[in-house]
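Participant: Input: one structure, supplied below.
The values are calculated or read from the model by the stated rules, or taken from the named source; none is laboratory data. This one's a predicted model, so the numbers in the text were calculated from it and none came from an experiment. With ideal geometry, Cβ positions are generated from the backbone for all residues, glycine too; neighbour counts draw on all protein chains shown. Please note that ligands, DNA and RNA were not included when accessible areas were found on the heavy atoms of the full protein model with its side chains. Shrake-Rupley method; radii C 1.70, N 1.55, O 1.52, S 1.80 Å.
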Amino acid sequence: MKQRKCTDMPDELWPPVNAIEKEVVAYRLTNDNCVKSDDFIPLYEIHKAKGNIVRENLSNDMYYALSVFEELEDAQKLMRLQPWRFKRISTGLTKCDDGCIRATPNKNSASHTSWWLYEDAMPERYFKLLEEDVNE
């Protein structure tokens, strides 16, 4: 398996259990009106930058992954729940060369998928914003 992009992820969590390299159409929420690298940062890295790492999550491999959705409706639902956090929805493939994925459904989203990026992955190059009217 390739090297992980989030280098702080503990060695014992890499590679993530049951994660596979698979290309699926995925939806990712964005913070701006364009797709950029900042839209592909795991929660751990966001918390680290703000100085508020959640210690109880450090042993959970999902803390170091990106959340994507395989169903547009699930991405739209989260955007409606957190409109202050997300502005748009982007879509693209979870390319095998860029990372591995695992289905991680939860009570809010049956299609939630965790995506661990590999070193040098740049999904912002091929994820594109959806047309605005799909958010309605």
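Participant: Quick one: accessible surface of Met1, probe radius 1.4 Å, all protein chains present, in square angstrom to the nearest 10.
Facilitator: 120
Participant: Among the lysines in the chain, how many pairs, 8 or more places apart or on different chains, have alpha carbons under 15 Å apart?
Facilitator: Pairs that pass both the separation and distance tests number 11.
Participant: Here is a follow-up. What number, in percent, do you get for the relative contact order of region 60-119 if the mean sequence gap of Cα pairs under 8 Å and at least 6 apart is divided by its residue count?
Facilitator: So the answer I get is 43 percent.
Participant: Roughly how tilted is helix 72-81, in degrees to the nearest 10 and between 0 and 90, from the longest Cα axis of the chain?
Facilitator: The angle comes out near 90 degrees.
Participant: In nm, what is the difference between 0.36 nm times the number of residues separating Asn18 and Lys128 and their Cα-Cα distance?
Facilitator: This chain segment gains 36.8 nm when fully extended.
Participant: I'd like the FRET efficiency for Val25 and Asn52, computed as 1/(1 + (r/R0)^6) with the beta carbon distance as r and R0 of 35 Å, rounded to 0.05.
Facilitator: E between Val25 and Asn52, to the nearest 0.05, is 0.60.
Participant: What is the magnitude of the charge dipole of the chain about its Cα centre, with +1 placed on the Cβ of each Lys and Arg, -1 on the Cβ of each Asp and Glu, and no other charges, expressed in debye to the nearest 20?
Facilitator: Dipole of the chain, to the nearest 20 debye: 320 debye.
Participant: Per residue, how much accessible surface does region 6-66 expose to a 1.4 Å probe? Answer in Å², no decimals.
Facilitator: 58
Participant: Given a 1.4 Å probe and every protein chain left where it sits, what share in percent of the accessible area of the chain is carbon and sulfur?
Facilitator: C and S fraction of accessible area: 49 percent.
Participant: Given a 1.4 Å probe and the protein chains all in place, what does the accessible area of Phe69 round to, in Å² to the nearest 10?
Facilitator: My reading of the accessible area for Phe69 is about 10 Å².
Participant: From the P(r) of the chain, can you give the percent of Cα pairs sitting at distances over 19 Å?
Facilitator: 48
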